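Right, one structure below, let's go through it.
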C-alpha cells in the first residue's frame, strides 16, 4: 500500500480538521513507518510542519488518529521540504527492493523489521530505511522513490553499534547467556531507533546518496 490512503484517512478525521483550522499554514513533510515483518505489528505516522510554531505535528494512524507537537531536531532554522502524497513505492514493496539488492551484494540475512522515513531531500523523494536483520545486524539504505533505485546500502554489526551505546548496553562475552543478553539489547536498540526518529530524518541530509 502507498502512503496516500493513510493521508486520506487522516484528512477525514476530526483531529486533522481541528488541526488544520488551528494551523492553516501547516504542510506535509514526511511519512514514518515501522514494518515489523515478524509480528505484523506496524506503525503508520505522517508528519506536518507548523511554521507558526516551528514544530512538527506527528499524527499516528494506528488505533485511531493521535497528534503530538514535537520540537524540530535540526536547529539550523531550515524549513523542511514539502512532501506530496503520491509515491511510486508501496510500503509492501520495500522488503523486496531491499532483499534483491542485498542478494546482489551477497548479503544472505533476512529482514526482521523496517523503519522507513520518506521525505523530500533537495527536491528528490527519498526513502531512508533502517532495518533490523537476522544475525544481529543493522542495514541502512536510501532508496529513490522515482526510480526505485537503491542509492546506498550499508550493513553494520550490532556489536559495532553497541560500542556507541551507553555503558549499561555494552556487549557481553560470546557465551550462550551472553548471546541471549545481546538479543535483549537488540530489542532495546530497536526501541532506541524508533525513539530517535527525528535524528534519523535529520541525518539523511548529511549523508551521501551514492552507493
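Since every read-out is calculated from the coordinates, none of them should be taken as a lab result. Treat the numbers as computed from the prediction; the structure is a model and nothing was measured. Methodologically, a virtual Cβ is constructed for each residue, glycine included, from the backbone with ideal geometry; neighbour enumeration extends over all protein chains shown.
Is there a residue in segment 39-60 that is touching a residue at least 40 places away in the same chain (Cβ under 8 Å), assigned to a loop (DSSP other than H, G, I, E, B) and farther than 18 Å from residue 142 by Cβ?
no
Applying the selection to segment 139-153, what residues are part of a strand (DSSP E or B) and surrounded by fewer than 20 Cβ atoms within 10 Å (Cβ to Cβ)?
Step one: list which residues in segment 139-153 are part of a strand (DSSP E or B), which gives 139-144, 149-153.
Answer for segment 139-153, where residues must be part of a strand (DSSP E or B) and surrounded by fewer than 20 Cβ atoms within 10 Å (Cβ to Cβ): 140, 144, 149, 151, 152, 153.
Is segment 78-89 home to any residue that is touching a residue at least 60 places away in the same chain (Cβ under 8 Å), in a strand (DSSP E or B) and in contact with a helix residue (DSSP H, G or I) (Cβ under 8 Å, 6 or more places away or on another chain)? Steps first, please.
Keep residues of segment 78-89 that are touching a residue at least 60 places away in the same chain (Cβ under 8 Å), which gives 85-89.
Okay, now just the ones that are also in a strand (DSSP E or B), so none.
Within segment 78-89 (the criterion being touching a residue at least 60 places away in the same chain (Cβ under 8 Å), in a strand (DSSP E or B) and in contact with a helix residue (DSSP H, G or I) (Cβ under 8 Å, 6 or more places away or on another chain)), the answer is no, since none of the residues qualifies.
Exactly one condition in (1) crowded, with 20+ Cβ neighbours inside 10 Å; (2) in a strand (DSSP E or B) is false for residue 112; which is it?
Evaluating residue 112 over (1) crowded, with 20+ Cβ neighbours inside 10 Å; (2) in a strand (DSSP E or B) leaves (1) as the failure.
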